[in-house]
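FYI, it's all coordinate maths here, none of it is from the lab. Values in this document were obtained by computation on a predicted structure and should not be read as measured data. No Cβ is skipped: glycine too gets one built from the backbone with ideal geometry, and neighbour counts run over all protein chains shown.
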Amino acid sequence: MNNGTAELKRQAAWRAVQFVESGSVVGLGAGSTAAFALRRLAELLRAGHLKDILGVPCSLQVEQEARSLRIPIATLEEHPVVDLTIDGADEVNPDLDLIKGGGGALLREKIVAQASLREIIVVDESKLSPVLGTCWAVPVEVAPFGWGSHVPFLESLGARVALRTNRDGVQFKTDQGNLILDCNFGPISDPRRVAAQLSQRAGVVEHGLFLGLATDVIVAGDEGITHLKRGETDDRH
């Protein structure tokens, strides 16, 4: 991440944190952009500008960082409704549908998103795309048992499939111990149809198509901050 991109991500994240109110249950998203929001929340708590915040982390790594920043942690069992979640995305289309999961936390991120009254996505302008799949593959989280059997199925849907590995070539494991198949469909003309096909497959735990979940997308670009709201026109600041 170059300094310019990092600054854009910081701007978007700080703008999203402005919507957090004292006493809120806040979903803590994973990824580099959401990390700026996490640190900003901690700063506001330390300064006393926010009080009585509870964070629901979307990954074990985020939970560890939140604890190190002294952000109080809660679970969905304790608080099944989340007031607001701040998370990032890999790709955003004009309908505010998303591809997520580049960091591997898609299952927990989607669970928290579905439990949230408001899902605020923070990105820099490079993540905007006319059609999902134009720039990013769709991560598909699968159970380790029989994972190879999903490859021909996914290929039959039009995807080029790659098993995600770590830098040392070892299979990437999610927080749940599952594997990820990165599925390059190219531009996806009907993401809801693809999502339905993936969801019907036994052994597919979750997929990175986040459809109809984002209520707001805050985009930082060279010309400033753009606040996109589902069903509304752009709000530029």
Revision key, fill the gap. For region 138-207, Rg(Cα) over 2.2 N^0.38 Å is 1.06
Check your understanding: Excluding Gly31 itself, what net charge comes from residues whose Cβ is under 15 Å from its Cβ, given Lys and Arg +1 and Asp and Glu -1?
Key -> -1
Practice item. Quick one: pull the percentage of alpha-carbon pairs in the chain with a separation above 24 Å. Key: 44
Point to revise | Loop-resident sites, region 1-82, for trypsin sites (Lys or Arg not before Pro), counting at most 14 other Cβ within 10 Å (DSSP) | key: Lys51, Arg70
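Hey, got a sec? Which trypsin sites (Lys or Arg not before Pro) in region 133-182 land in a DSSP loop and have at most 14 other Cβ atoms within 10 Å?
Values: sites: Arg160, Arg164, Arg167, Lys173; in loops: Arg164, Arg167, Lys173.
Sparse-neighbourhood loop trypsin sites (Lys or Arg not before Pro): Arg167, Lys173.
As a footprinting exposure proxy, order Cys183, Cys135 by other Cβ within 10 Å, with the fewest listed first.
On the way: Cys183 24, Cys135 15.
Fewest-to-most Cβ neighbours within 10 Å comes out as Cys135, Cys183.
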**Study point:** Residue-averaged [θ]222 nm for the chain, counting only DSSP H segments that reach four residues, each worth -39500 (n - 2.57)
**Key:** -8500 deg cm²/dmol
Practice item. Output ³J(HN,Hα) for region 68-73: one whole-Hz value per residue in order, computed from phi by the Karplus curve 6.51 cos²θ - 1.76 cosθ + 1.60 with θ = phi - 60°, and x for Gly and Pro. Key: 5, 8, 6, 8, x, 10
Review point. Ranking His79, His207, His227, His49 by Cβ neighbours within 10 Å, fewest first, what do you get?
Key: His49, His79, His227, His207
Practice item. Quote to one decimal, in nm, the extra length available between Phe153 and Val131 on full extension: 0.36 nm per residue of separation minus the C-alpha distance between them. Key: 5.6 nm
Check your understanding: Label points 7 Å out from Cα along the Cβ direction at Leu76 and Gln18: separation in nm?
Key -> 3.0
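Say the cut-off is 26 Å between C-alpha atoms; which of Lys9/Lys110; Lys51/Lys100; Lys51/Lys173; Lys110/Lys229 go over it?
On the way: Lys9/Lys110 21 Å; Lys51/Lys100 30 Å; Lys51/Lys173 36 Å; Lys110/Lys229 19 Å.
From the list (Lys9/Lys110; Lys51/Lys100; Lys51/Lys173; Lys110/Lys229), the Cα-Cα distance tops 26 Å for Lys51/Lys100; Lys51/Lys173.
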Point to revise | 10 Å Cβ shell holding at most 15 others, DSSP loop, GluC sites (Glu not before Pro): longest site-free stretch of the chain | key: 79-222
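By how many nm would the segment from Asn3 to Asp190 lengthen if fully extended, with 0.36 nm per residue of separation less the alpha-carbon distance?
Numbers: separation 187, 0.36 × 187 = 67.32 nm, distance 3.57 nm.
Answer, rounded to one decimal: 63.8 nm.
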